[in-house]
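Beneath this line is the structure, given in structure tokens, with notes to follow.
The values are calculated or read from the model by the stated rules, or taken from the named source; none is laboratory data. Computed from a predicted structure; not experimentally measured. We place every Cβ from the backbone using ideal geometry, glycine too, and count neighbours over all the protein chains shown. Keep in mind that these areas ignore ligands, DNA and RNA; they rest on the heavy atoms of the full protein, side chains included. Shrake-Rupley method; radii C 1.70, N 1.55, O 1.52, S 1.80 Å.
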Amino acid sequence: MRRQPWIGSHSGKVLKSALCNLKSAILLCAMLFALSYSASAQQPKKVPRIGYLAGSAAMRDSTRAEAIRLALRERGYIEGQNIAIEYRYAEGKVDRFPELAAELMRLKVDIIVVAGGNRIILAATNATKTIPIVMVSSGPDPVEAGFVESLARPGGNVTGLTSLSRELGGKRLELLKEAVPKLARVAVLYDPANPPSVIEVKEILPVAAQALRLTLQPWDVRAADGFEKVFAAMGKQRPDGLYLPGGRLMTDNQKRIVGFALKSRLPSVYGTREDVDAGGLMSYGADLADSYRRVAYFVDRILKGAKPADLPVEQPTKFEFVINLKTAKQIGLTIPQRVLGRADKVIK
């Protein structure tokens, strides 16, 4: 009697069918995996979105914003490709600060870069306690302002760069005195509603003035329509020079102030080179272009996982002394060669 095969014809058919089904299942899984992989490969990566909030107008701020873009590019971040930047400019209107900060919140930006003084930084910090804020501050010490716990350990969601604007007041007076050896009386135009300017005028400048044997003549201006009245009164006092502590009101009326100084043949000193570019005599302050380039470092670190609380706030390391020789000639001033030799830039 013949022995039955281990697998009969019926069993063989069942096994073949099962193998076919298995192959089909494997093929289907492979196809599904391929489709899934293809879809995930085609899905674009999330592009980080940076909010840029500035107190000034876009035209005035364009050079600084461009410095940030170029510095980001050097670190591999190209706007429109792997990073997006949302720009918001208050154009000097303080009441717009909270509104613009809120706009950036609604856009769900990953980082906010704030360029300006304390008020606009405050608007950003009031809008969020979680989104990282990188400040490029023209205000006073951020520790005093309450934005950070300390420069070395900020402790919250704010970090960035701070200027030494008011601390440099004595140096500006010194340079003005060297440029104008006969300088004796210096008019100081300031906004009493701007705390940093008040501290500079009441506390910083008097100490330097005493050492330089200069008499300060403080003049406060509270609104744009108050300049002409102050200019008329200042003219009667006949100062030898003009000092501008800065602040939003002074920035917004830059052309008016520069025009008065030229018309009155007053040597003037400022904190930023923009004022000198506009016709002011001289300026001394932090190199703002250098500070703005440094913003890219903070953005890069934060996008790579660093927390603002652990990134020390930096103070400026590079300063610039700018002289407008064209203005000097216009007001009949001959600046000593030793002073011109110290200038980082001379506008002719």
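Whether any residue in the stretch 84-95 is part of a helix (DSSP H, G or I), in contact (Cβ under 8 Å) with a residue 12 or more places away in the chain and closer than 19 Å to PRO132 by Cβ is what I want to check.
Checking the stretch 84-95: not a single residue is part of a helix (DSSP H, G or I), in contact (Cβ under 8 Å) with a residue 12 or more places away in the chain and closer than 19 Å to PRO132 by Cβ.
Quick check on this structure: which one of ALA193, ALA233, ALA224 is of a type outside the set (Asp, Glu), out of contact with any His (no Cβ under 7 Å at 6 or more places or on another chain) and more than 28 Å from ALA90 (Cα to Cα)?
Numbers: ALA193 fails: more than 28 Å from ALA90 (Cα to Cα); ALA224 fails: more than 28 Å from ALA90 (Cα to Cα).
ALA233 is the lone residue from the list that is of a type outside the set (Asp, Glu), out of contact with any His (no Cβ under 7 Å at 6 or more places or on another chain) and more than 28 Å from ALA90 (Cα to Cα).
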> Does ARG293 qualify as being closer than 22 Å to TRP219 by Cα, open to solvent by 20 Å² or more (accessible area, probe 1.4 Å), touching a residue at least 24 places away in the same chain (Cβ under 8 Å) and of a type in the set (D, E, K, R)?
Replying inline: no
>> Against the conditions (1) at pLDDT 95 or above; (2) under 33 Å from the mean Cα position of the chain (by Cα); (3) buried (at least 17 other Cβ atoms within 10 Å of the Cβ); (4) not aliphatic (A, V, I, L, M), where does GLU178 fall short? Just the number, please.
In response: (3)
> Which of the residues spanning the stretch 158-175 are assigned to a helix (DSSP H, G or I) and open to solvent by 10 Å² or more (accessible area, probe 1.4 Å)?
Replying inline: ARG166, GLU167, LEU168, GLY170, LYS171, GLU174
> Checking ALA187 against (1) of a type outside the set (Phe, Trp, Tyr); (2) surrounded by fewer than 23 Cβ atoms within 10 Å (Cβ to Cβ); (3) more than 21 Å from the chain's Cα centre (by Cα), which test does it fail?
Replying inline: (2)
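Filter the stretch 96-121 down to residues that are touching a residue at least 24 places away in the same chain (Cβ under 8 Å) and either within 23 Å of ASP290 (Cα to Cα) or not in a loop (DSSP other than H, G, I, E, B) (or both), then give me how many there are. Don't jump to the end; show me each part of the working.
Quick first cut of the stretch 96-121, residues touching a residue at least 24 places away in the same chain (Cβ under 8 Å) only: 97-98, 100-102, 104-105, 107-121.
Going one step further and asking which of them are either within 23 Å of ASP290 (Cα to Cα) or not in a loop (DSSP other than H, G, I, E, B) (or both), we end up with 97-98, 100-102, 104-105, 111-121.
Number satisfying all stated conditions: 18.
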> Could you list, in sequence order, the residues of the stretch 309-348 that are in a loop (DSSP other than H, G, I, E, B), within 30 Å of ASP141 (Cβ to Cβ) and open to solvent by less than 30 Å² (accessible area, probe 1.4 Å)?
Replying inline: LEU311, VAL313, PRO316, ALA343
>> Quick check on the stretch 59-74. Is at least one of its residues assigned to a loop (DSSP other than H, G, I, E, B) and under 28 Å from LEU164 (Cβ atoms)?
In response: no
